[in-house]
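Any read-out appearing in this document is the output of simple, stated calculations on the displayed coordinates, not a laboratory observation. All of these numbers come straight from a predicted model, not from anything done at the bench. Counting neighbours? That spans all protein chains shown, and the Cβs are built from the backbone with ideal geometry, glycine included.
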Amino acid sequence: MVSENKSQLVSALARGISILRCFTPMSRELSGRELMELTGLPKPTLFRLLETLCELGLLRYSERISKYQPGIALLNMGAPVLARMTIRQLARPMMEDLANHIVGQIQLSVGDGPNLLYAELVQGRQSQVFRPEIGMRISLSRTASGRAYLSSWAEHEREDYLERLRKRDGERAQWLESRLAETVNDLQEHGFCRSHGDLHREIVSIAVPMRKPIDGESWVFAASVPVFSEQGRSFETDLGPRLITVVRSVEAALGNISY
């Protein structure tokens with residue numbers, strides 16, 4: 001009987017988490033009907049879980065718009081995750097200096113499995129680059145950061161990822177395979193890889209992955225500038241070497257503590 005109850009509790013937890021994962025910076029307000037479609041949960045089960053999540057402060061129901069929204073308790077739960085990431089505190093001053101120099105944006109992302117998320121963002125003075133939110137998921141295929149992250153995987157892991165993509169979209173998998181080959185070549189030749197404007201045509205980005213994971217989590221630094229800016233035309237001579245210097249300096253600083 002204990003084992004059966006434990007199984008039910010784990011199942012309920014997984015279902016509750018599946019509801020929370022429906023909310024993103026782009027989907028901040030969802031109705032019960034939308035959540036039912038996204039999760040596939042039966043209506044009675046869904047609303048029991050929604051009631052519990054609201055009582056815990058993880059969700060809130062807005063009478064004004066008749067939709068559910070993330071609760072502030074979720075913000076509180078995320079704070080310890082950010083606080084344990086020593087790399088953010090070490091990297092931020094260097095990220096600020098470079099962001100101001102390029103009049104652009106410097107990003108630090110962390111990856112574990114198929115998830116790559118923004119962990120820190122610094123906007124240079126007068127920068128017009130769109131600022132995403134901390135915790136937003138990053139495209140693995142259409143960004144320099146995503147492909148730099150994929151390049152850090154073991155070859156069989158990348159192949160498994162591509163094989164799953166081939167089953168869903170063969171043409172896209174073929175395109176990504178070509179882009180990944182360019183990424184690996186760029187990293188070997190220049191020490192950084194480029195975005196090629198695959199996600200935002202008006203923005204160009206380069207990315208540099210750290211050479212070793214930290215406690216199993218992989219880290220990638222990236223720099224973004226408007227495509228027609230001076231920095232957007234001087235990857236090899238200025239922006240690239242400066243970003244590489246930031247990454248190597250952070251690696252050295254981490255090596256002095258527990259890297």
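Under the criterion of Cα pairs below 8 Å and six or more residues apart, the relative contact order for the chain equals 15 percent. Between Met77, Met94, Met136, the residue with the greatest mean-square fluctuation in the GNM of the chain (Cα pairs under 10 Å linked by springs) is Met77. In this label model, Ser249 and Thr45 are separated by 5.2 nm, measuring between points 7 Å along each Cα→Cβ vector. Between the stretch 125-161 and the stretch 51-80, the C-alpha centres lie 28 angstrom from each other. Stretched out straight at 0.36 nm per residue, the stretch from Asp215 to Met136 would grow longer than its current Cα-Cα span by 26.3 nm.
Taking the radius of gyration and the Kirkwood hydrodynamic radius from Cα positions alone, what is the Rg/Rh ratio for the stretch 85-255, to two decimal places?
Values: Rg = 15.1 Å, Rh = 16.0 Å.
Over the Cα atoms of the stretch 85-255, Rg/Rh equals 0.95.
Karplus-based coupling profile of the stretch 135-147, in residue order and whole Hz: x, 5, 7, 10, 4, 6, 9, 9, 10, 5, 4, x, 6, with θ = phi - 60° in 6.51 cos²θ - 1.76 cosθ + 1.60 and x standing for Gly or Pro. From the helices alone, meaning DSSP H stretches of at least four residues, give me the mean residue ellipticity at 222 nm for the chain, per-run term -39500 (n - 2.57), in deg cm²/dmol to the nearest 500. Per the formula, -16000 deg cm²/dmol.
Listed by chain and number, the aspartates and glutamates placed with their C-alpha closer than 15 angstrom to that of Lys167 are Glu159, Glu177; residues fewer than eight positions away on the same chain are left out. Hey, what's the Kirkwood Rh for the stretch 2-76 if you take every pair of different alpha carbons, in angstrom? Taking the inverse mean of 1/r over all distinct Cα pairs, the stretch 2-76 comes out at 12.8 Å. Take 243-251, 99-107 and order them by the average number of nearby Cβ atoms within 10 Å per residue, most first; the result is 99-107, 243-251.
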